[in-house]
């Protein structure tokens, strides 16, 4: 038995033609005719490396840990297969595998190959750095600006070594994966995880794919940022075209994998799963990217395709509710091994064969941000009820995405007794440094994603909220969530009465300090709060705003007035910074 998981990064389902999208993706249509297409597949732990930890362990990891490595106590599916004489091989150009927060994943495989050069990867060494023009200069904290300019400069250096499509990271990655398959065609008992960082930003696309969308590489450097949508319509459309061109390139290389399956009749004995870790927002809901805003459909609801030679199901669509935690369970089952006791994912094979659901509800989210749940029709986003992040990291490996934990965190470390999935080995309990820009400000959200696919009309249904909250609480219990989460998300008292109280508290929070004015846009209060942090004289400026409104007999504060007030306060670089921060803060939807 052989298995291949082909994983793209940041692949949005609604751009694929087989899901009704308008990107040029004939090979995804071809894939759909060869496999089972899942129409209700969702993320689990977000984003990149937390998703991959789910794929190793088969359980939700975002309840206990932010971005981090495979822990010493973690069950790892590829490691388990390798120890049981299934050769596991990783081919990837995902640069996070060789950063602090991802450095223990690749060594779980029997063998592995890296392809260098993606997203400012510290690859080629040039002492003299190119000049970088950065659009947000003066709008963000200087330390953030310097980090981003450094990444862009390194990316410019790397691209000098990838001037042809043959040298492009996507081509090199797929070719190394195909090389492994060709080399081992006559062998049995192997698993290949073939990971492509594309179509993740920055969107570095060869000209032939850009020409399909009327663009050239000189139009845009491919770098865009996770913030409020403030670009011109023309810039927005250009970014979308670059993304779709990169999706089309991914589609072309998917075709090479399918060609090899066809050429060597791999469909007879080789499992194939094609997936992604998450999607991406390209201006939807007035946002770009991921991480800051709630987990809308464009990010959380992902494409997934599954071929199992035991099932022989082709050209089929299913509404089975699946998640990435089901991938390791499906692979263990395929190779004939029992699931470990703490794996919450379930094999797709038996669910499709027996036509029985894996789960009634799927939980997903970022560490510290909203707890999200779906039954495939409704999505409920439960905001933390604290405006600060009072969570703890439970770990034996105190590293974050690209750094070690800070000393002020480590000095506050205590030991906890652990959980059943650690065999009760004690863990470090460390205050988190993760901050998702005050997730409380977005409030709770409830959507019917079948009737309202774009999630533009939130529901007000307390009975349904109570049902979904009760299910969230049960899933937290099932997953041994830390005790502080029940308080953080106010799960001890779940009732319609408590929800009404929460909504009143949230309403008052939105308009705190401005009750004498009817705020025409509920995000204005947050915008004014941002100005108070930027200002050197916050109370003085706050009073000045009120006096300005009083003098004009205004009874309504609008976002436009807040921007106008910022322009009276600041000039030059400070004005740019305030406008940027206001754009970021005054996005509640």
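Where a number appears in this text, it was derived from the coordinates with a stated rule and is not lab data. All values reported here derive from a predicted model rather than from experimental measurement. Counting neighbours? That spans all protein chains shown, and the Cβs are built from the backbone with ideal geometry, glycine included.
Computed values, structure above
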quantity: Fully extended contour minus Cα-Cα distance, from residue 353 to residue 145, at 0.36 nm per residue; calculated: 69.6 nm
quantity: FRET E, pair residue 574, residue 1, Förster distance 41 Å, beta-carbon r, rounded to 0.05; calculated: 0.05
quantity: Tilt relative to the chain, helix 169-183 - C-alpha long axis, 0 to 90 degrees, to 10; calculated: 20 degrees
quantity: Contour excess over end-to-end distance, with Cα ends at residue 385 and residue 338 and 0.36 nm allotted per residue; calculated: 13.0 nm
quantity: Antiparallel bridges, percent of DSSP beta bridges restricted to the chain (to nearest 5); calculated: 50 percent
quantity: Projected label distance in nm at residue 225 and residue 483, using a 7 Å step from Cα toward the beta-carbon; calculated: 4.2 nm
quantity: Distance in nm between pseudo-label sites at residue 448 and residue 539 (7 Å out along the Cβ direction from Cα); calculated: 5.1 nm
quantity: Helix 572-585 vs. the chain, principal-axis angle (Cα, 0 to 90°, nearest 10); calculated: 70 degrees
quantity: Residue-span extension gain [residue 184 to residue 83] - 0.36 nm each, minus C-alpha spacing; calculated: 34.5 nm
quantity: Packing-based exposure ordering (other Cβ within 10 Å, fewest first) of 355, 40; calculated: 355, 40
quantity: Tilt relative to the chain, helix 559-569 - C-alpha long axis, 0 to 90 degrees, to 10; calculated: 70 degrees
quantity: Taking 49, 212 and counting other C-beta atoms within 10 Å, the order from fewest to most; calculated: 212, 49
quantity: Efficiency of FRET between residue 417 and residue 127 - r from beta-carbon atoms, R0 45 angstrom, step 0.05; calculated: 0.35
quantity: Relative contact order %, region 325-464, counting alpha carbon pairs below 8 Å whose residues are six or more apart; calculated: 21 percent
quantity: Footprinting exposure proxy for 208, 95, 385, 473 (fewest neighbouring C-beta atoms within 10 Å first); calculated: 208, 385, 473, 95
